[in-house]
Amino acid sequence: PVYMDGKLMGWQARYVGEPDGDKPPNGKPPSDNIPKYYTMPFTPRNSALYNYDKARQHKFVVLMEGPTDVWRLGAQGLSSLGAAVGTKHIQLLTALWVDTGIGLMLDPDYVNKPRKQPDTPTTYETLIATLRRDGMFKWGVLEIPLPEGTDPGALPTDALWEHIEAVAAASGYHATSLREE
């Protein structure tokens, strides 16, 4: 379920799959006709942020693609219910974290998607430019790249936070720890 300000906005489900012998389900649909995620019809994906009510209690949050990524990261994670980040999402982020900052940890296949036209920025490049415009966030936006083929939902929580802290330290993002217990 996706709640914002205590109100149910909708829900999103994740394909789990079938076990393969003694192995647990791998979460990959057997064909392209079966979606990895299914969102309840009429859920306002362009304005809903999964885990918003819990994340708003923290100074620093990390925007991710799916709820399973958020489960792995914890209370400071937010999901846009997919790779698309719209104007309303940005308004919500700036309304609550303007005096601090945000991290952006989107899946590598989205971040590294090739340009459709040589002179046209990718959707990700446009998003980063928008989030960095006019110093929207006091601390700025921390881009948190993941290695190709890596999914945040498959990594241990401590490993995710170690990676975030290492990226922040290497970029001089913020002097204090970003993880709040």
For the table K7/K28; K7/K88; K36/K88, the rows whose alpha-carbon distance is greater than 19 Å are K7/K28; K36/K88
What residues have an amide H closer than 5 Å to that of M9, excluding those fewer than 5 places away on the same chain, when H is modeled at 1.01 Å from N in the peptide plane?
V2, Y3, M4
Hey, could you get me the Stokes-Einstein D for region 50-148, Kirkwood radius over alpha-carbon pairs, 10 °C and 1.306 mPa s, rounded to whole µm² s⁻¹?
116
Name the residues whose placed amide hydrogens come within less than 5 Å of the amide hydrogen of G77, ignoring near sequence neighbours (fewer than 5 apart) on the same chain.
V62
So for region 127-168, Kirkwood radius off the Cα pairs, Stokes-Einstein at 25 °C and 0.890 mPa s: how many µm² s⁻¹?
206
Could you tell me which of rounded, prolate or oblate describes region 92-181, using a ≥ b ≥ c as the square roots of the eigenvalues of the alpha-carbon gyration tensor, with rounded for a/c under 1.5 and, failing that, prolate when a/b is larger than b/c and oblate otherwise?
oblate
Write down the percent of antiparallel bridges among all DSSP beta bridges whose residues are both part of region 1-129, to the nearest 5.
55
Using protein chains only and a probe of 1.4 angstrom, how many square angstrom of E125 are accessible, to the nearest 10?
70
Put a dot 7 Å past each Cα toward the Cβ at S47 and T100; how far apart are the dots in nm?
2.5
Using the Kirkwood formula on the Cα atoms of region 17-105, what hydrodynamic radius do you get, in angstrom to one decimal?
14.4
Quarter of the surface of the C-alpha convex hull for the chain, i.e. direction-averaged projected area in nm², equals 12.1
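The values are calculated or read from the model by the stated rules, or taken from the named source; none is laboratory data. In this text the structure is predicted, and so the values were computed from the model without any measurement. Glycine also receives a Cβ, built like all others from the backbone with ideal geometry; neighbour counts cover every protein chain displayed. Note: areas computed on protein heavy atoms with side chains; ligands, DNA, RNA excluded. Shrake-Rupley method; radii C 1.70, N 1.55, O 1.52, S 1.80 Å.
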